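Notes for the one structure printed next.
FYI, it's all coordinate maths here, none of it is from the lab. As the structure is a prediction and not an experimental result, all values here were calculated from the model.
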Amino acid sequence: MTAEIRKRWMIAGLFVGLGVSAPALFGAAPAWAESGEMMFNEYCVGCHQVGGTGVPGEYPRLAGRVNKIASDPRGRTFLAELMLTGMSGTITVDSRKILGIMPDFDDLKDEELAAVLNYVVHLEGGKGSAFTSQMLEQARTGPKATPEEMAETRNRLARARVIP
């Protein structure tokens, strides 16, 4: 891990540890950000890279994976909760362990979060049912896990082959 990436993780960890969400760090979404791609490029591309390709061993690849996760109801629920809660801990992606932190995006509107999820589901030609603002609203009103519990849930879903 390079010094610059280590620095970014430390800063993100500090803010997440203080309970600061990503939108609070980077500012609320602009009014014109109607498409999931614009929202992704605004909030996610710094880690997950253009097109959701990720950085092997450092930031998870989303392209070609999220559509598979979203094809299972447990995966869909996880993705919605992940956007609202964030995640902290060790996960395995493409046979590489990643120790990291994903901030929550709880401050974004439900329709904005649904648009981002729909964008990443369809990367690399992925197919899947659309996420709706109602799904995010339901996740928002349900019990909220901690970022550490989200990593545990993710790893449990990976063992069940819901998450590739």
Candidate aspartates and glutamates for bridging to K97, where Cα separation is under 12 Å - those fewer than 8 sequence places away on the same chain excluded:
E58
If the cut-off is 16 Å between C-alpha atoms, which aspartates and glutamates fall inside it for K68, apart from same-chain ones fewer than 8 positions away?
D94, E124
